[in-house]
Amino acid sequence: MLTGRHLIQPDDLSVSEIDEICSLAEQIIVDPKSFQDVCRGKILATLFFEPSTRTRLSFEAAMLRLGGAVEGFADASYTSSTKGETLADTIRVVSSYADVIAMRTPKEGAALLASKYSACPIINAGDGGHYHPTQTLTDMVTIRQLCGGFENHVIGFCGDLKFGRTVHSLAEAMRHYKGNKFVFISPKELTVPDYLIKNVLEPAGVQYETAESLDDVIDKLDILYMTRVQKERFFNEQDYIRLKDCYILDKARMKKAKDNMIVLHPLPRVNEIAPEVDDDPRAAYFKQVKYGMYARMALIAKLTGSI
Amino acid sequence: MLNVTTIKNGLVIDHIRAGSGWKIFQWLGLDKAPFTSCLIQNVPSQKSGKKDIIKIDNILNIDYSVLGFIDPNICVNVIENEVIVRKINMELPSKVQGVFSCKNPRCITITEHYVSPTFLLVNKEKGLYRCEYCDTLYVAGQNNTEL
């Protein structure tokens, strides 16, 4: 039963609940008109304490396509938090108005804290470098649509694996399915954090390997998940400049990949995927954007008890 | 050899990892307490080479779970009429709340001051704890937290 629940991290959803949401997303993809009024009269509040146009618009489009309404802010500078209001009070107030809240903040653990004070479901739309579970649902709907299921894939994660929360969340979710193997490809400065290895993957018995070169491993991947090296996650500009171009996917590298590999990216990209790759049929990152909206439609419909 | 007077009714916190004694002394508020207490540092120890000991001439209510997190090797001797009547060995608590700050500058507990930082035991064998909010890992007994 998903009605009234919060979604803070991928683990909040069981395997069967993820399947339930993915199945509903698939139904919406096939027949969106049947779902255009299921959230009529309901309000989604989008609380974006740090800018993320893409994620915010995806949530808002999802609610509007379900027939609901949206309210919120795209920048914390317009809110009472600048006057010193606590997050707890902001959430108490907003949850009095809305039926569901999607929030993004730069602070890790903020969504969990919000869930303790909210009268309506909280959806974590990203808390710092921590979790981004609806991106995970997006990725999973995409994988299910394009790869036929969640099992027996070799999934390569490439780029900023230290701060790239989408990587952490997808790895957590995909560890539940049998036969998956992870390949973490990054410079040593941006390797996947210890907690993910020690707390999540090793206890689950997941096979994984690390690599510093994309060239060395691209031929064995079924899914290549590219990430941006994010400037805002660095404490100084020199480190960012030194590392941002380390792992660029171009046509030459794509020639070494399997014919049925798919390339995913949470977007926005900067230069880690060359535009020349966009026409390659294996480039799935723009399809992924649309699947993301359907995934959020399914999630909102479930959490608000509209379906 | 340094001699410290025996205590009549009180506690002896023994086998503190050398160097941690002062932190525990402060955490217990002994530096401001009206009764007699003492911290003995760098005492020779067969088990660990060196250790710290705290003697308190009073029976205090101590949160042993926190002591267990700071140093699971600590043993507390309860003294009554100058005789050890009980030895309390520390265990790793399942949860430590409101005692330490999370060291991750991005953790929500750093800016939302009303939140009690909470650390949950995730691996007893390795003494691993995670911040409930940001998942930053801590190892019990290591000097990686601030009292």
- Message: Suppose we filter segment A:1-39 for residues that are farther than 30 Å from A:Ala76 by Cβ, outside any helix (DSSP H, G or I) and charged (D, E, K, R); how many remain?
- Response: 2
- Item | Per-region count, segment A:109-156, residues farther than 14 Å from A:Val289 by Cα, among the β-branched types (Val, Ile, Thr) and either in a helix (DSSP H, G or I) or assigned by TED's automatic domain parsing to the domain that holds A:Ile21 (or both) | 2
- Quickly run through segment A:200-216 and pick out the residues that are within 24 Å of A:Thr138 (Cβ to Cβ) and either in a helix (DSSP H, G or I) or within 14 Å of another protein chain (Cβ to nearest Cβ) (or both). A:Val200, A:Leu201, A:Ala204, A:Leu214
- Could you please let me know if A:Gly72 is surrounded by fewer than 14 Cβ atoms within 10 Å (Cβ to Cβ), out of contact with any helix residue (DSSP H, G or I) (no Cβ under 6 Å at 6 or more places or on another chain) and of a type outside the set (Phe, Trp, Tyr)? no
- Give A:Arg253, A:Arg282 a once-over and let me know the one that is at pLDDT below 95 and of a type in the set (D, E, K, R). A:Arg253
- Item | Verdict on B:Gly127 being within 14 Å of chain A (Cβ to nearest Cβ) and small (Gly, Ala, Ser) | yes
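If you check A:Lys287 against the conditions, is it surrounded by fewer than 17 Cβ atoms within 10 Å (Cβ to Cβ), under 30 Å from A:Ala62 (Cβ atoms) and in contact (Cβ under 8 Å) with a residue 60 or more places away in the chain? Walk me through how you get there before you give the answer.
Details: surrounded by fewer than 17 Cβ atoms within 10 Å (Cβ to Cβ): yes; under 30 Å from A:Ala62 (Cβ atoms): yes; in contact (Cβ under 8 Å) with a residue 60 or more places away in the chain: yes.
Taking the combined requirement at face value, the residue satisfies it.
Looking at this structure, is A:Ser58 in contact with a Gly (Cβ under 9 Å, 6 or more places away or on another chain), in contact (Cβ under 8 Å) with a residue 24 or more places away in the chain, part of a helix (DSSP H, G or I) and hydroxyl-bearing (Ser, Thr, Tyr)?
Numbers: in contact with a Gly (Cβ under 9 Å, 6 or more places away or on another chain): yes; in contact (Cβ under 8 Å) with a residue 24 or more places away in the chain: yes; part of a helix (DSSP H, G or I): yes; hydroxyl-bearing (Ser, Thr, Tyr): yes.
Answer is yes for this residue.
Looking at segment B:80-124, which of the residues that are at the interface with chain A (Cβ under 9 Å from one of its Cβ atoms) and of a type in the set (A, V, I, L, M) is surrounded by the fewest Cβ atoms within 10 Å (Cβ to Cβ)? Please lay out each step first, then the result.
First, pick out the residues of segment B:80-124 that are at the interface with chain A (Cβ under 9 Å from one of its Cβ atoms): B:102, B:104, B:106-115, B:122-123.
Imposing the further condition that a residue be of a type in the set (A, V, I, L, M) reduces the set to B:108, B:110, B:115, B:122.
Numbers: B:Ile108: 27, B:Ile110: 19, B:Val115: 21, B:Val122: 17.
So, considering only residues that are at the interface with chain A (Cβ under 9 Å from one of its Cβ atoms) and of a type in the set (A, V, I, L, M), the one surrounded by the fewest Cβ atoms within 10 Å (Cβ to Cβ) is B:Val122.
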- Inter-residue pairs, beta-carbon under 6 Å, first surrounded by fewer than 24 Cβ atoms within 10 Å (Cβ to Cβ) and in segment B:127-138, second of a type in the set (Lys, Arg), 6+ apart: B:Leu137/B:Arg130
- Task: Looking only at segment B:104-119, count how many residues are within 18 Å of the chain's Cα centre (by Cα) and farther than 12 Å from A:Leu112 by Cβ.
- Result: 2
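Can you give me the number of residues within segment B:130-145 that are assigned to a loop (DSSP other than H, G, I, E, B) and within 8 Å of chain A (Cβ to nearest Cβ)? If you could, list the steps in order and put the result at the bottom.
First pass over segment B:130-145, keeping only residues assigned to a loop (DSSP other than H, G, I, E, B): B:132-136, B:140-145.
Now restrict to residues that are within 8 Å of chain A (Cβ to nearest Cβ): B:132-136.
The total comes to 5.
Identify, please: which residue in segment A:160-175 is in a loop (DSSP other than H, G, I, E, B) and at pLDDT 90 or above and is, among those, farthest from the chain's Cα centre (by Cα)? Step through it out loud before you land on a result.
Just the residues of segment A:160-175 that are in a loop (DSSP other than H, G, I, E, B), to begin with: A:160-164, A:175.
After this cut, where a residue has to be at pLDDT 90 or above as well, the list is A:161, A:175.
Values: A:Leu161: 14, A:Arg175: 16 Å.
Among those residues, the one meeting the criterion is A:Arg175.
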- Query: Which members of segment A:61-91 meet the condition of being closer than 15 Å to B:Glu112 by Cα and assigned to a helix (DSSP H, G or I)?
  - Reply: A:Ser80, A:Ser81, A:Thr82, A:Lys83, A:Leu87, A:Ala88, A:Asp89, A:Thr90, A:Ile91
- From the list A:Ile21, A:Ile43, pick out the single residue that is without any contact (Cβ under 8 Å) to a residue 60 or more places away in the chain and β-branched (Val, Ile, Thr). A:Ile43
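What do you reckon, is A:Val192 part of a loop (DSSP other than H, G, I, E, B), among the aliphatic types (A, V, I, L, M) and either under 22 Å from B:Asn104 (Cβ atoms) or at pLDDT below 85 (or both)? Steps first, please.
On the way: part of a loop (DSSP other than H, G, I, E, B): yes; among the aliphatic types (A, V, I, L, M): yes; either under 22 Å from B:Asn104 (Cβ atoms) or at pLDDT below 85 (or both): yes.
For A:Val192, the condition - part of a loop (DSSP other than H, G, I, E, B), among the aliphatic types (A, V, I, L, M) and either under 22 Å from B:Asn104 (Cβ atoms) or at pLDDT below 85 (or both) - is met.
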- Query: Is one or more of the residues making up segment A:171-182 within 14 Å of another protein chain (Cβ to nearest Cβ), of a type in the set (Lys, Arg) and more than 21 Å from A:Met297 (Cα to Cα)?
  - Reply: no
- Message: Restricting to segment A:108-158, count the residues that are within 18 Å of the chain's Cα centre (by Cα), surrounded by fewer than 24 Cβ atoms within 10 Å (Cβ to Cβ) and of a type in the set (Asp, Glu).
- Response: 0
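The values are calculated or read from the model by the stated rules, or taken from the named source; none is laboratory data. Remember, it's a predicted structure, so these values are computed and weren't measured experimentally. Virtual Cβ from ideal backbone geometry, glycine too; neighbours counted across all protein chains shown.
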